[in-house]
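Asks: One structure, as structure tokens, below. Some questions next.
The values are calculated or read from the model by the stated rules, or taken from the named source; none is laboratory data. The shown structure was predicted, so the numbers you read here are calculated from the model rather than taken from an experiment. Note: accessible area is taken over every heavy atom of the protein model, side chains too, but ligands, DNA and RNA are not part of it. Shrake-Rupley method; radii C 1.70, N 1.55, O 1.52, S 1.80 Å.
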Amino acid sequence: MPALHRREVSAQTYAYLLNIPSFFIVAFMIVYPILFMLYVSLHRWTLLPPKSEFAGLANYVEVLRGIDFWNSFLRTLFFTVASVAVTVVGGLAMALVLNEAFKGRSVLRALVLVPWAIPPIANTLMWKWVLHPQAFGALNWLFMDILHLVDKPVAWVTEYAMLSVVYVNAYREMPFCVIVLLAAISTVPLEHYDAAKVDGAGVWGRFRHVTLPLIRIPLWIAVLFQTVWAIRVFDTVYGLTHGGPGDATKVLSWLFYVTAWGGYDFGHGSVITIFLGLICVVIAYVYFRVFFKEVFGKR
């Protein structure tokens, strides 16, 4: 029988063929929703009453002219800065502690992962009970009956709404920073610390001149992820405050929710989502420009 002839393909072509399934998955799961959202943003797309008519850039103009969008943007900016600062600084402090040798360290390392293992909405509902404004709220009970620091219950979620959302979100996200930064700190050679001690560096000096420079890459990664996650926060606001009291915690993600699913106005809602995505893209671009310039000396 004649020998079968096989057509040889180049390595590059073979690589493209292997990636065809992934291409279709990405196109269906990412590209198509984005294109459809862009299409909806150019239309008066409402459900009450049902309507879909071409509007051009009118939706964009109306959203940008609305004071509600800019107020929500400023709240999102404040929340992002505060949440990232608390999460990263707190995660770094915990990672430094967990890197030291002490009895029960393994148990404590395992317990750190518990907040991250709890589903986000369950975590939020738990803290809603802890911060309950009545005396049976766990935090009020602690401050009133145990520590005797206050005389009457404090309405934490009402009086300190944004700070409460920041703390609850940081509690949920901090284990990620702890894991990333602890892994980085544990790889720092001990010889560097010994050399710093010989040079007379104290605890702060060793942290500033040894630890911090050697973990800057994982630190950049942690900051980037926390920034993007904080910008698009929704579940914490949904479970804890519903954007209130008033508009105190009405961030961009919640503005999209009440516009699209509360008012059934998907045209304006899509515009808000597009701006939210653009903010994340711009921040990621700036981070990577600074990151590569800092680490590799490249633009």
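Asks: Leaving ligands and nucleic acids out of the surface, order ASP68, ASP199 by accessible area at 1.4 Å, largest first.
Replies: The most accessible residue leads, giving ASP199, ASP68.
Asks: On the protein heavy atoms, probe 1.4 angstrom, tell me the percent of accessible surface of the chain carried by carbon and sulfur.
Replies: 70
Asks: Return one whole number: the accessible area per residue of the chain in Å², for a 1.4 Å probe.
Replies: Here the residues of the chain average 62 Å² of exposed surface.
Asks: So how do TYR264, TYR285 rank on accessible area, 1.4 Å probe, biggest first, that is with the largest at the start?
Replies: So, going from the largest accessible area down, we get TYR285, TYR264.
Asks: Could you tell me which helices of the chain pass both thresholds, a Cα extent of 24 Å or more along their own axis and a mean Kyte-Doolittle hydropathy of at least -1.0, with helices taken as whole DSSP H runs?
Replies: 67-98, 161-185, 266-295
Asks: Among PRO153, PRO133, PRO50, which one moves the most in a GNM of the chain with springs linking Cα atoms closer than 10 Å?
Replies: Taking springs between Cα atoms under 10 Å, the residue moving most is PRO50.
Asks: Given springs between every Cα pair under 10 Å in a Gaussian network model of the chain, which of TYR238, TYR14, TYR160 has the largest fluctuation?
Replies: TYR14
Asks: Hey, another quick one. Find the centroid of the Cα atoms in region 181-252 and in region 133-178, then give the distance between the two in whole Å.
Replies: 23
Asks: From Cα coordinates alone, what are the radius of gyration and Dmax values for the chain in angstrom?
Replies: 25.0, 97
Asks: Heavy atoms of the protein only, probe of 1.4 Å, neighbouring chains included. What is the accessible area of LEU276 in Å², nearest 10?
Replies: 20
Asks: Could you sort THR187, THR124 by accessible area so the largest value comes first, with the probe set to 1.4 Å?
Replies: Listed by decreasing accessible area, they come as THR187, THR124.
Asks: Keeping all protein chains in the complex and leaving out DNA, RNA and ligands, what accessible area do you get for HIS192 with a 1.4 Å probe, in Å² to the nearest 10?
Replies: 80
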